[in-house]
Amino acid sequence: MSLLIEKPEAGTPATRRRRSSVNIPLTLLAAVLSLTVLIPLYFTIVTALKSSDQLNGNGLALPTSIHLENFSNAWKLTNFPNALLISGIVTVAAVILTILTNSLVAYAIARNMHRPFFKALYYFFIAALFVPFPIIMLPVTKEMAVLGLDNPVGLFLLYTVYGLSFNVFVYTAFIKSIPAELEEASVMDGASTWTTFWKVIFPILTPINATVGILTCLWAWNDFLLPLVILSDPTTRTLPLVQYVFQGQFNTDYTTAFASYLMAMAPLLLIYIFAQRWVISGVMRGSIK
Amino acid sequence: MTTTANKPRTTAGLQRRSPSRPSKTFYWMVVPALVLFVILHTVPTVTGMFYSFTDYAGYGEWDFVGLSNYVNLFKDDRIMASYGFTFLFAITTTIVVNVGALFIAILLNSKIKYQTAFRGIFFIPNILSVLIVGYVFNYLLSNNLPLIGQALGIEWLSTSILANPDLAWLGIVGVTAWQSIAFSVIIYLAGLQTVPGELYEAAGLDGASPWRQFRSITFPMIAGYFTINMVLALKGLLQAFDQIVALTNGGPGTSTESVAMVIYRGGFQGGEYGYQMANSVVYLVVIVVLSLLQMRFLSRKESELQ
């Protein structure tokens, strides 16, 4: 009797447990594989904390004494605060400008795709995705110098404009899924197309703005080739560019070099640790059609 | 009488006209961006193509030289070698990245513990600068890997592989794959989440092996994501520059010079502006043709699977 009553009760948790059961061997495999990512990071951190004579052996040992002067040396040598400021300004400006302008362009295109002009524009931007940067590199460097834009302002302008190709693609796919009734209602109330965009459409775009913002941030912060060719003034070097320029002076001083690398990677790494779920879901959203 | 009859017709006409004639605002939204894009992207592209028919050194006077830059490219060993290296590197890395990423994505999508944490860890390489990652691995491959090689008694690993003209490219493949897998994993995970779980339950009842499940359920369902990843990876890798600067700087000798690197060096430092623009045009054609072929081939395979 009691068995009969217990059966259904016992059955439910059992099936639930089976469904959510964790595969231990696969978890271990994931843990081992994740070491391929974590060991180089660990290595970077411990090397930055060591003195040169502690670098013998396999390099994975913990430092016997902590040498924070590596950081102060790198800080002074590369003028870290300056490079951080330039990288920060370029990245933040590129992200904000990209979100504000690229969404607007994509909106106009998405809502007028049946018109030849806008359709042509759409394919014009997409086609540019296939143009490799090296073909533009030499002419655009000259052009930016002539325009007086061989500086951080020119740099974030280029990120914003070059981003159009990919971002228009991502935004239009999303905007097409927004029912036009929403805007029609707003237009009925007498709102202009501008107001309708900023008040009605832009807020709906928030998730895709996040995706575009994250991708632009990663690009502008870590890019090397564009700053290398565009920035002419040595005092306006970005963080990756500084690592390249000081490579010769780091040469044998590996501990200072690693402290410098770590400082250059740290800001985004720290943000990522706290915003990890948000960053990944943002990137994932960009890949779902 | 006529006025009242006209009224509804006018409003109807207006409503019909408004979608067919867009408000000027829509043009104001795109024209400034279009102008900037043309100035900063199209004009440089066309300028570059123009100079590819000249002997321009990047400064001073120039003359038209017809197609001679293009003819010389194909006789230039250094240029041909850079294409050879770039293809070998890009194709090998594309395969390594996609196999690796697919494996990791399936692993992360299975019933493992700490799923989110592992996903977060595997994405880390994607948020780091390619150049700086290159510098870190340059040290590891030059100093630490040889120690492991010596300890294991493996001769080819006992010296820095980056200093070995035959093996340096493998070092670049490895480091690039380490970093590029991160992004591909996320795209594959997005794809795997679109596969309904019931499909596996049905297959599991029929006693299908995991490999069989992968081949007949998982892969056909995410074939579109495979195409995207393959095309994006190959296109990106054909343009490799940063990691090569950091790992080998094109060496030993010129054995690991990529096309992008040759264009940069010849154009900015070698006074070969016109010549390298011809190289860039060939490079553009190569990338477009390869991407289109790849898309056609993969989408045909895709439709065969479905």
- prompt: How crowded by other chains is B:112-123, given as the mean number of beta carbons from other chains within 10 Å of each beta carbon?
  reply: 6
task: Please report the relative contact order for chain A, taking Cα pairs under 8 Å with a sequence separation of at least 6, and give it as a percent rounded to a whole number.
output: 29 percent
message: Checking a compactness column here: for the range A:121-257, what do you get for Rg(Cα) / (2.2 N^0.38 Å), N being the number of residues?
response: 1.41
- prompt: Just from its helices, what would the mean residue ellipticity at 222 nm be for the protein assembly as shown, if runs of 4 or more DSSP H residues each count -39500 (n - 2.57) and the sum is divided by every residue, rounded to the nearest 500 deg cm²/dmol?
  reply: -23000 deg cm²/dmol
query: What is the extension gain from A:Gln249 to A:Tyr42, computed as 0.36 nm multiplied by their sequence separation minus the C-alpha to C-alpha distance, in nm to one decimal?
result: 72.1 nm
statement: Cα-Cα longer than 22 Å, checked against A:Lys176/B:Lys301; A:Lys119/B:Lys301; A:Lys176/B:Lys235; A:Lys176/B:Lys24; A:Lys119/A:Lys176; A:Lys76/A:Lys142, kept in input order, equals A:Lys176/B:Lys301; A:Lys119/B:Lys301; A:Lys176/B:Lys235; A:Lys76/A:Lys142
Cut-off under 5 Å, modelled amide H: who pairs with B:Thr54 long-range: B:Val65
- line: So the FRET efficiency between A:Met188 and B:Thr25, C-beta based with R0 = 22 Å and rounded to 0.05, is 0.85
- prompt: Can you list the HN-Hα couplings for the range A:186-203, worked out from phi with the Karplus curve (6.51, -1.76, 1.60; θ = phi - 60°), rounded to whole Hz and with x for Gly and Pro?
  reply: 5, 5, 4, 6, x, 6, 6, 4, 4, 4, 4, 4, 5, 8, 9, 7, 3, x
statement: Given Cβ charges of +1 for Lys and Arg and -1 for Asp and Glu, the option among A:Ala220, A:Ile271, B:Gly204 whose Cα lies farthest towards the positive end of the dipole of the protein assembly as shown is B:Gly204
- request: Rounded to whole Å and sorted largest first, list the principal axis extents of the Cα atoms in the range A:24-67.
  value: 41, 16, 13
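Based on alpha-carbon positions alone, could you give the equivalent ellipsoid semi-axes of chain B from the gyration tensor, as √(5λ), descending, whole Å?
The answer is 43, 37, 18 Å, longest axis first.
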statement: By the Cα gyration tensor axes a ≥ b ≥ c (a/c under 1.5 gives rounded; else a/b larger than b/c gives prolate, otherwise oblate), the shape of the protein assembly as shown is oblate
- request: Could you calculate the FRET efficiency of B:Phe103 with B:Phe50 from 1/(1 + (r/R0)^6), where r is the beta carbon distance between them and R0 is 45 Å, rounded to 0.05?
  value: 0.45
- line: Here FRET efficiency (C-beta to C-beta, A:Ser21 to A:Lys76, R₀ 45 Å, nearest 0.05) is 0.20
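Other chains' Cβ within 10 Å of A:237-244 residues: what's the mean?
Whole-number average of other-chain Cβ neighbours for A:237-244 is 3.
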Most mobile of A:Ala220, A:Ala61, A:Ala259 in a GNM of chain A (Cα contacts under 10 Å): A:Ala61
- line: Across B:Pro220, B:Pro165, B:Pro32, the residue with the highest GNM fluctuation in chain B (Cα network, 10 Å cutoff) is B:Pro32
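Read-outs throughout are calculated quantities, based only on the coordinates presented, and are distinct from any laboratory measurement. Computed from a prediction, not measured in an experiment: that's the story for all the values here. Cβ sites come from the backbone with ideal geometry, for glycine too, and all protein chains shown count toward neighbours.
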